Amino acid sequence: MSGNTIDPPFPSAAPRNTRSIHDAPGTSAQEHARVAPGDIAVGVVIGRASEYFDFFVYGIACALVFPQVFFPFASRLEGTLYAFALFAFAFVVRPLGTLAGMEIQRRFGRGTKLTAALFLLGCSTAGMALLPGYASLGAAAIALLALCRIGQGLAMGASWDGLPSLLALNAPEHRRGWYAMLAQLGAPLGFLVAGGLFAYLWGSLSSADFLSWGWRYPFYAAFAINVVALFARLRLVVTREYEQELAAHELEPCNERELFRSQGGNILIGAFAALASYALFHIVTVFPLSWITLYSNQAVGEFLAVQMVGACLAAAAMPVSGLVADRIGRRSMLGLLAVLIALFSLAAPWLLDGGVLGQDLFILIGFVLLGLSYGQASGAVTSNFEPRFRYTGAALTYDFAWLFGAAFAPLVALGLSAKFGLVAVTVYLLSGCVCTLLALRANRALAARD
C-alpha cells in the first residue's frame, strides 16, 4: 500500500492480530506469542499520564508561581511571558532528545533508554522543587530553571517507546480509531491530577506559604509518579513478547538522514495534520489560567476547579472520538474537528471577555473539542511511513507537532492578547486549523498520485 495515507491500515497488521499459538502444529508458543492491544494500552496510558503530569505541573506554575519567585524584577505580565518563554524550551529540544534516545537504544537497548529518559524527566521536575528563587540566587536561579526545563524536553523526546505505534498496528481493523484514542487519555488524566494538587494547595495555604514552599509539592510528587510509571512501562517493553512484536513490525531506530531524505515530507504532513488540536491544547489548559490571574476577578481556585471538570469532559469525549473515527475515518475526523475548532476560535474573544460565565464556557467547550480532536491526533502519523521508518518517523512527527502547534502557544497568545486584544487567540487557533486542512489535502493528493 502507499506510504502516504493516514486512514488505511497496514495489510500485514491483520494476520498478526488473528493468528494464535495453535495455528501451526509443531511451532513454539514463543514464536507465535502475541500481545493483546489492551495490554499495550495500559502501558501507553500510564506512561503518557506521568509525562503529561510533569508538563502540566510546570505549565500551571508558570501562571501561578514563577513570575513572583523567579522574575520578581518584572511586572506580573512580563514575568509570566518570561516563564512561558522557558516553557517553550522543552519543545524546542524535544527532537534532539528523540535522536539522542535513538542512539542510546542502538547501543544499549530499549530498556536502558527508557530508564535513563524517565530518570532524567523525574530528576528535572523534582529539581525544580529544590531551586531557590531569584531573591536568593539571582539570575543563576533562572538559568537553573531553564536547565531543568531543557532536561524535561530531552527526556520527553528520549522516552519514545513505540507503544502508540504498536497499539495502532495491533488494533482490530474496525477499532483503530478507538485504540488510537487510548494513547491520548494520559493528557486529561495528567492535567486532572496536576490541577487538583495545585487547587488544593492554593486553597489550603496562605499566599506567602504557597509561594514559599507549597508550590514545590507537585514537583516532588512528579518524581514518585515517574518511578511508578517507569516500572509499569519497563514491565511491558523489556519482555520477550513485546520485543518480538516490536521487531516484527520493524519498530526500531532507523538512519535519520535516510528518513529525512526519503520521507521527510511525511513528517511535515503528519505534524501539520494534527496542528489544530495541538494549537488548542495549551490555549485551553495553560494560557487561560495566566489570563485569569492577570485580567479577571474570578478566583484562581474556582477556575482550576472548572478546568478539572473540563479535563473530565475531555476524557469522556475521547472515547466518542474513537467511535466516530471508526465510522468516518481518522482523516475525516481531524478535518471535521479543525472546522469546529475554527468556529470555536471565532467565539473565543467574546467568551474570555464575557465574565465568569463566558470564561467557564470557553474552558468547558474547549476541553470537549480538545478531547474529540486530540483523541485522534496520534492516529494521523503511523501509517504515513514505510515499516522501516515508522518508529523514528512517528516519534519525530509527534515532536514537531508539539513544536509547531503548542510550544509557543501560551507565550504568543498572552503576549499578543495583552497588546492587541483577545482576537489574537482567534488568529492563533485559525492558523492551526488552516494548517491542518492544508496538510490533510496534501496527504490526499499524495495518496491519489500513488
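Temperature 10 °C, viscosity 1.306 mPa s: under these conditions the Stokes-Einstein estimate for region 293-450, based on its Kirkwood radius over C-alpha pairs, is 93 µm² per second. Return one number: the angle in degrees, 0 to 90 and rounded to the nearest 10, between the long axis of the Cα atoms of helix 355-374 and the longest principal axis of the Cα atoms of the chain. Computed tilt is about 20 degrees.
Distance from the alpha carbon centroid of region 58-83 to that of region 304-334 works out to 32 angstrom.
Once the Cα-Cα distance is subtracted from the 0.36 nm per residue extended length, the Arg388 to His174 segment shows a gain of 74.6 nm. Oblate is the label for region 347-424. Its Cα gyration tensor axes, ordered a ≥ b ≥ c, give a/c of at least 1.5 and b/c at or above a/b. Under Stokes-Einstein, with the Kirkwood radius over Cα pairs as Rh, the value for region 140-233 at 37 °C and 0.692 mPa s is 202 µm²/s.
Relative to the Cα centre, the charge distribution of the chain, modelled as +1 at Lys and Arg Cβ and -1 at Asp and Glu Cβ, gives a dipole magnitude of about 480 debye.
The simple spin-label model puts a point 7 Å past each Cα toward its Cβ; for Leu343 and Leu323 those points are separated by 2.0 nm.
Dividing the convex hull volume of the alpha carbon atoms of region 182-257 by its residue count gives 144 Å³ per residue. To the nearest ten degrees, helix 330-352 and the longest principal axis of the Cα atoms of the chain are 10 degrees apart. Using only Cα atoms, locate the centre of region 200-224 and the centre of region 146-198, then give the distance between them in Å, rounded to an integer. One Cα centre to the other: 25 Å.
Sorting 346-357, 275-286 by average packing, meaning the other beta carbons within 10 Å per residue, from highest down gives 275-286, 346-357. The figure for Phe404 is an accessible area of roughly 80 square angstrom, using a 1.4 Å probe on the protein chains alone. At a probe radius of 1.4 angstrom, the accessible area of the chain per residue rounds to 37 square angstrom.
Model label sites at Val227 and Asn255, defined 7 Å from Cα along the beta-carbon direction, differ in position by 4.4 nm. In the Gaussian network model of the chain, springs joining C-alpha atoms below 10 Å, which of Ser373, Ser332, Ser165 carries the largest mean-square fluctuation? Comparing Ser373, Ser332, Ser165 in the GNM, the peak value goes to Ser332. Per-peptide packing, taken as the mean over residues of other Cβ atoms within 10 Å, places 106-117, 75-86 in the sequence 75-86, 106-117 from highest down.
Take the Kirkwood radius over Cα pairs of region 187-321, plug it into Stokes-Einstein at 10 °C and 1.306 mPa s, and you get 85 µm²/s for translational diffusion. In deg cm²/dmol and to the nearest 500, what is the mean residue ellipticity at 222 nm of the chain if only DSSP H runs of at least 4 residues count, each as -39500 (n - 2.57), divided by the residue total? Helix-only estimate at 222 nm: -26000 deg cm²/dmol.
The values are calculated or read from the model by the stated rules, or taken from the named source; none is laboratory data. Predicted model, so just to flag it, every value in this text is computed and none were measured. When we count neighbours, we look across all protein chains shown, and the Cβ atoms used for this are built from the backbone with ideal geometry, even at glycine. Ligands, DNA and RNA are excluded from the accessible area calculation, which covers all protein heavy atoms including side chains. Shrake-Rupley method; radii C 1.70, N 1.55, O 1.52, S 1.80 Å.
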